[in-house]
Amino acid sequence: MRNRVLCSLAVAGAVFAACDNERAITTEPVGERGFGQNLVKQSTNLPRGRVLFPTAPIASATPASDSLVVELAGLDSLSGAQYVVWVANDSATKFARVTGNLTIARLDTTLNAQGDPVFTPSTVTIPSVSGFSNGRQNYLMRFASTRPLITGLAATDSANLVIVSIETGTPGAAPSDRRFLWTRRSLSVNRTINGTARLTGGFLFGNFASAPENQFIYATSATAAVAFPAANFATATTPNIPRGRVEVRGPIFTVNDSNYYRPPIGFFYEAFTIRIDTLGRFIDTVSLGVKASPFPNRISFFEADKSIPDPTAMFGTPTPVIFASQHRVTADTIPAATTPTVFGTRAWTGFAFVYVTLQNKAGPRDRMGAAVVMTSGLPVSILGR
C-alpha cells in the first residue's frame, strides 16, 4: 500500500510539473490571454473612375472636335512606374497613348485646437501629360484630351475602348499586362453633367482581356451625374465577401481570414495596424506583413496575381480565390509595438485599428495604400488592456 501511495505522489508531481511548464488545464491556464475582433468588409477607395465620351460618334468626319475625359480615384502614388491612358479600337488590336492635361483635386484634413476636423481643398493642373505617378487616398484626378492628341489612330478608327495601365520604363506600342482599369463606349450611358450631355462609362477594375469572357473583374465603378471634383462621381463595388478575425495573444498579432479574390495583376494584399493618440489621431502605422497561407506552409501570396503559390489554400478555377490565409507578426521584432503609451505598457497597446489593403506593387513598399478591403476597430482589451 505504501508503495502505491508513493507512486501516486510521484505521478501527481510529474503532472503538476508538466502543467506549470508546458501544458494547461481549465483551472490553471498557461500563457498570455488572447483577445480578438471580427473583421468587416470595407472595400473603400478601390481604383475607380469614369470616361466621358462625346455624344457624337468618335470616328466622325470631324475628329478634331472630339474630346475624351478620364476621371480617376483610389490610385496610389507610384515609385519607378507611371499610369498611362490608352485608347484602342474595339478589338484591342491597335493602341494609342494619350496626352492630355492632368488636374489633381485634393482634400486635406487637419484637427484644430479643439480637436475638430478642418477641411482644406486645393486643385492643381499639369499640362501636356502622357504619364503620371501621382496618387493618394485623398486625390481625385481628371485627365482631359482631344482627338488630335491621341496620335496613332486614323479618323476612321473607332477609339471606343479606354484602358489605364501601369508602365515601368518607357511604354511601348501597347499597354503592359497591368491593364487594371478599362471601359468601352458600349458600356456608357447618357448623362448631363454640369449642363453638358456626355456618354459616361464606368471603369472596370481587374485584368483586361480583348474578349469579355476572358477578363477578370474585381470591382465595377458606378457613376453619378455630378461634376468633377465631387467625391461621389464614381463608387466601386465588388461582389467578393471576405471574412476574418484579428487575434492578439501576448506579443503575437495575427489576422486570420479567407475568401479573397485573386488580386488584379500588379497588386497584392497586405495588413496594417494603426496606433492613435488620445484624440484618436493616427500617429503610427505598422505592417502586419503580406498575406500568406496559414501554418504550417506559410507561403507568401505576393505572386497570387499571376500564379497559385499554395494550392492547399487557393482555388485555381473558375475564379482564383484565396480561401485560407493569415498575416502574423510578433512585437518582439517591432519596436513601435512595445513602446509605452498613455494606454498602457504591454505589447500592442495604443493600436486601435486594423486594415487589410490591396497594395500596388509599383507603389512604395511597407506604406499603407489607398484601397481598403477589410477593417476592424480593436477592442479596449487590446487598445488599452
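No lab work stands behind these numbers, since they all come straight from the coordinates. All values derive from a computational prediction rather than experimental measurement. Reconstructed Cβ throughout: ideal geometry from the backbone, glycine too, with neighbour counts over all protein chains shown.
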Could you please report the charge total around residue 196, scoring K, R as +1 and D, E as -1 over all other residues with beta-carbon less than 15 angstrom from its beta-carbon? +2
Can you put 128, 145 in order of Cβ neighbours within 10 angstrom, beginning with the fewest? 128, 145
Take the eigenvalues of the Cα gyration tensor for segment 34-137, scale each by 5, and report the square roots as semi-axes in whole Å, largest first. 36, 20, 14
Given H placed 1.01 Å from N in the peptide plane, which residues other than close sequence neighbours of residue 193 have an amide H under 5 Å from its amide H? 198
Here the relative contact order (percent) of segment 240-383, from C-alpha pairs under 8 Å and at least 6 apart, is 26
Once the mean of 1/r over all distinct C-alpha pairs in segment 88-146 is inverted, the Kirkwood radius in Å reads 14.0
In terms of modelled amide H atoms, which long-range or inter-chain residues lie less than 5 Å from the amide H of residue 90? 158, 159, 160
Quick one: angle between helix 2-21 and the longest Cα principal axis of the chain, in degrees between 0 and 90, rounded to 10, please. 30
Whole-Hz ³J(HN,Hα) from phi, Karplus 6.51 cos²θ - 1.76 cosθ + 1.60, for segment 279-290, glycine and proline x: 8, x, 7, 6, 10, 7, 10, 10, 6, 9, x, 6
Volume per residue of the C-alpha convex hull in segment 260-385, rounded to whole Å³: 110
Students often get this wrong, so try it: which of (i) 25, 24, 23; (ii) 51, 24, 16; (iii) 31, 26, 22 is semi-axes √(5λ) of the Cα gyration tensor in Å as calculated from the structure shown? (ii)
Given the options 254, 55, 93, state which has the largest fluctuation in a GNM of the chain using a 10 Å cut-off (strictly under) for Cα springs. 93
Just to confirm my numbers, what's the Cα centroid distance between segment 64-114 and segment 228-264 in Å? 24
Student exercise: in the chain, how many lysine pairs 8 or more apart or on different chains have Cα atoms under 20 Å apart? 4
Counting all Cα-Cα pairs in segment 105-207, those more than 17 Å apart amount in percent to 70
Can you list the HN-Hα couplings for segment 88-103, worked out from phi with the Karplus curve (6.51, -1.76, 1.60; θ = phi - 60°), rounded to whole Hz and with x for Gly and Pro? 9, 6, 4, 8, 6, 10, 9, 10, 9, 6, 9, 10, x, 9, 9, 10
